[in-house]
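Data block below; observations after.
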Amino acid sequence: MSLLAHSAEDPADSRTYLLNNGTAHRYHSAVTEGVTRISAKIAGTARPFTGITVDGLAPTVDGVDLDAPLHDAAAALDELEEVYLRDAVYFHHPRYLAHLNCPVVIPALVGEAVLSAVNSSLDTWDQSAGGTLIERRLIDWTARRIGLGGLADGIFTSGGSQSNLQAMLLARDEACRRELTRDGISPKFSALLEQGGPPSGARLTDILPRLRILTSECSHFSIRKSATLLGMGAEAVITVPSDGNKRMRTDELAAELARCQRDGLIPMAVVATAGTTDFGSIDPLPEIAGLCAGYGAWMHVDAAYGCGLLVSRRRELLSGIERADSVTVDYHKSFFQPVSSSAILVRDRSTLRHVTYHADYLNPRRMAEKRIPNQVDKSIQTTRRFDALKLWLTLRIMGAPAVGELFDEVIDRAADAWKLLHDDPRFDVVVEPQLSTLVFRYVPGADRDPELSDRVNLHARDALFASGDAIVAGTVVDGRHYLKFTLLNPETTLEDIATVLDLIAEHAGAFLAGQPQPALSAR
């Protein structure tokens, strides 16, 4: 019997699937087989997608009998080819230009293999030991890159949405604490607030409905979702208009902050974005920081996309981020890490007490008194993967400057692509990018109505996806449908981009050729 196969009749056979000192050789063989296949698959992938449809793939997946195990890793990998690998969307391909999905660096994949096998859980010291210290070092390293100061801290998260949620939770509870303290509360209640956990009490029924979050109209949807999850409701979010470059208008922000003050509302937080999802725009961070300081508002910077600038030659684009109270970073975007690898950083580590809970079985208070570092004390998650290891190995093997060079390459490519689009009469491009995102629209002609243009662009995107030759994203600007390139692959050339534009134009032209022509006006 091969090391990858097992006998279904052997009642003790199930133990051979467990990774331990007696089965390490089986683990090595099975993983080697898997890695061999996926490396060959990636090496031979000629396009980012096969164009398979839901109806085309679902019967294959549904046809798998999950109650009839194959007892053989090679057979399972053969099956996986049919249900997943053959039709997967491959982000490493240079003509994948759609979402904020990056190709990944090999050192991070080594880290992924290690962390999955050891399977540390980063909630308590007695489950992770060195993993705890490695994560803490990376948080300190990132905080220094941002410039948050000696009291900074943070925690790794599952992604930008979770980081933004935690930031809004901290901002909410800090705003409530300030309001209750200002009103004068009992020493006992004050002590409870300082110990952490969400504030409570009758006065909160007056405070909570008055809290407001101010954010750009181009900010991530997770800000509004966070307000809802935190019990504030979407109406607690005040949308601030953006300028022609899709950056928050600070004059409008100032006006909204003044209105909040006039109406007795509490500006709990201002969310600035360093790299919006649609446009890659960076809000004017220094000016926003000044307004936050003047009104006593928590400043959060969502740098999920733009965090790669921390290791880039363009670091100055993040000027002002060092004045934030909290920052979201997604290493699995512009640090070229596998999903997931993200973090939330705070200027003042004491604010993390708002997510601290002590459970007798896990992290009793006596551990904190003994200065035992339990990461669960500052996370809204309990069990967490050791995702920090991927970034650790990336920095130790290739170094931060090399990561920055990769991000700078895609920003350079986006600048060249903007010129290409700007000079091409077939397309209308919205803004010149600060990062690596381009929003544009195929223009079927001056005499075409906007509704037809919408249909043309929607069709071109769908047809391109169905062909599998390339993948682009879409968005809506001023109520109209646009296409979007998100460049995160340094292997994507200007020639690749030009080819994709030609493909879009071909699909658009084919669609227009099938449309009824407008009648000629009588002379």
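The values are calculated or read from the model by the stated rules, or taken from the named source; none is laboratory data. Only a predicted model underlies this, so the values are computations on that prediction, with no experimental measurement involved. For neighbour counting, all protein chains shown are included, and Cβ atoms are generated from backbone atoms with ideal geometry for every residue, glycine included. Note: areas computed on protein heavy atoms with side chains; ligands, DNA, RNA excluded. Shrake-Rupley method; radii C 1.70, N 1.55, O 1.52, S 1.80 Å.
Per-residue answers, yes or no, for (1) in contact with a helix residue (DSSP H, G or I) (Cβ under 9 Å, 6 or more places away or on another chain); (2) under 17 Å from Ser281 (Cβ atoms); (3) crowded, with 24+ Cβ neighbours inside 10 Å:
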{"position": "Ala304", "(1), (2), (3)": "yes, yes, yes"}
{"position": "Ser319", "(1), (2), (3)": "yes, yes, no"}
{"position": "Glu322", "(1), (2), (3)": "yes, no, no"}
{"position": "Val329", "(1), (2), (3)": "yes, no, yes"}
{"position": "Val346", "(1), (2), (3)": "yes, no, yes"}
{"position": "Arg353", "(1), (2), (3)": "yes, no, no"}
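Beta carbons closer than 8 Å, at least 6 apart along the sequence or on distinct chains, never pair a first residue in region 213-240 that is closer than 16 Å to Gly159 by Cα with a second that is open to solvent by less than 60 Å² (accessible area, probe 1.4 Å) and basic (Lys, Arg).
Output the number of residues of region 387-432 satisfying the condition of being of a type in the set (Val, Ile, Thr) and surrounded by fewer than 16 Cβ atoms within 10 Å (Cβ to Cβ). Reasoning before the result, please.
Step one: list which residues in region 387-432 are of a type in the set (Val, Ile, Thr), which gives 394, 397, 403, 410-411, 429-431.
The next check asks that each one be surrounded by fewer than 16 Cβ atoms within 10 Å (Cβ to Cβ); those that pass are 397.
Matching residues across region 387-432 total 1.
For region 258-269, does any single residue satisfy the condition of being touching a helix residue (DSSP H, G or I) at 6+ places or on another chain (Cβ under 8 Å), open to solvent by 30 Å² or more (accessible area, probe 1.4 Å) and under 27 Å from Leu487 (Cβ atoms)? No. Only helices (runs of 4 or more DSSP H) whose full extent lies in region 67-172 are considered here, and the ones with at least 3 residues that are of a type in the set (Val, Ile, Thr) and modelled with pLDDT of 95 or more are 106-118, 130-146. Scanning region 367-386 for residues that are in contact with a helix residue (DSSP H, G or I) (Cβ under 9 Å, 6 or more places away or on another chain), open to solvent by 30 Å² or more (accessible area, probe 1.4 Å) and of a type in the set (Lys, Arg) yields a single hit, Arg385.
Table: residues versus (1) of a type in the set (Val, Ile, Thr); (2) outside any helix (DSSP H, G or I); (3) at pLDDT below 95.
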{"position": "Gly445", "(1), (2), (3)": "no, yes, yes"}
{"position": "His459", "(1), (2), (3)": "no, no, no"}
{"position": "Leu488", "(1), (2), (3)": "no, yes, no"}
{"position": "Leu512", "(1), (2), (3)": "no, no, yes"}
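Has region 496-514 got at least one residue that is open to solvent by 20 Å² or more (accessible area, probe 1.4 Å), β-branched (Val, Ile, Thr) and out of contact with any Ser or Thr (no Cβ under 6 Å at 6 or more places or on another chain)? Checked region 496-514: at least one residue is open to solvent by 20 Å² or more (accessible area, probe 1.4 Å), β-branched (Val, Ile, Thr) and out of contact with any Ser or Thr (no Cβ under 6 Å at 6 or more places or on another chain). Within region 473-483, the residues that satisfy the criterion of being under 19 Å from the mean Cα position of the chain (by Cα) and open to solvent by 10 Å² or more (accessible area, probe 1.4 Å) are Gly474, Thr475. Does Leu193 satisfy being open to solvent by less than 50 Å² (accessible area, probe 1.4 Å), in contact with a Gly (Cβ under 8 Å, 6 or more places away or on another chain) and modelled with pLDDT under 95? Criteria not met by Leu193. With the condition kept exactly as written, say whether any residue in region 463-476 is polar (S, T, N, Q), assigned to a strand (DSSP E or B) and at pLDDT 95 or above. Within region 463-476 (the criterion being polar (S, T, N, Q), assigned to a strand (DSSP E or B) and at pLDDT 95 or above), the answer is yes, since at least one residue qualifies.
Residue-by-condition table, conditions (1) over 16 Å from Leu109 (Cα atoms); (2) modelled with pLDDT of 95 or more; (3) open to solvent by 50 Å² or more (accessible area, probe 1.4 Å):
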| residue | (1), (2), (3) |
| --- | --- |
| Arg26 | yes, no, yes |
| Ala30 | yes, no, no |
| Val35 | no, yes, yes |
| Ser39 | no, yes, yes |
| Phe49 | yes, yes, no |
| Thr53 | yes, yes, yes |
| Gly56 | yes, yes, no |
| Pro59 | yes, yes, yes |
| Asp62 | yes, yes, yes |
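Within region 438-446, can one find any residue that is touching a residue at least 40 places away in the same chain (Cβ under 8 Å) and open to solvent by 50 Å² or more (accessible area, probe 1.4 Å)? Scanning region 438-446, I find no residue that is touching a residue at least 40 places away in the same chain (Cβ under 8 Å) and open to solvent by 50 Å² or more (accessible area, probe 1.4 Å), so the answer is no. Determine if region 346-360 includes at least one residue that is within 22 Å of the chain's Cα centre (by Cα) and closer than 22 Å to Pro103 by Cβ. So far as region 346-360 goes, no, none of its residues is within 22 Å of the chain's Cα centre (by Cα) and closer than 22 Å to Pro103 by Cβ. Looking only at residues of region 199-246 that are of a type in the set (Lys, Arg) and open to solvent by 70 Å² or more (accessible area, probe 1.4 Å), we find that the one that is farthest from Gly320 (Cα to Cα) is Arg203.
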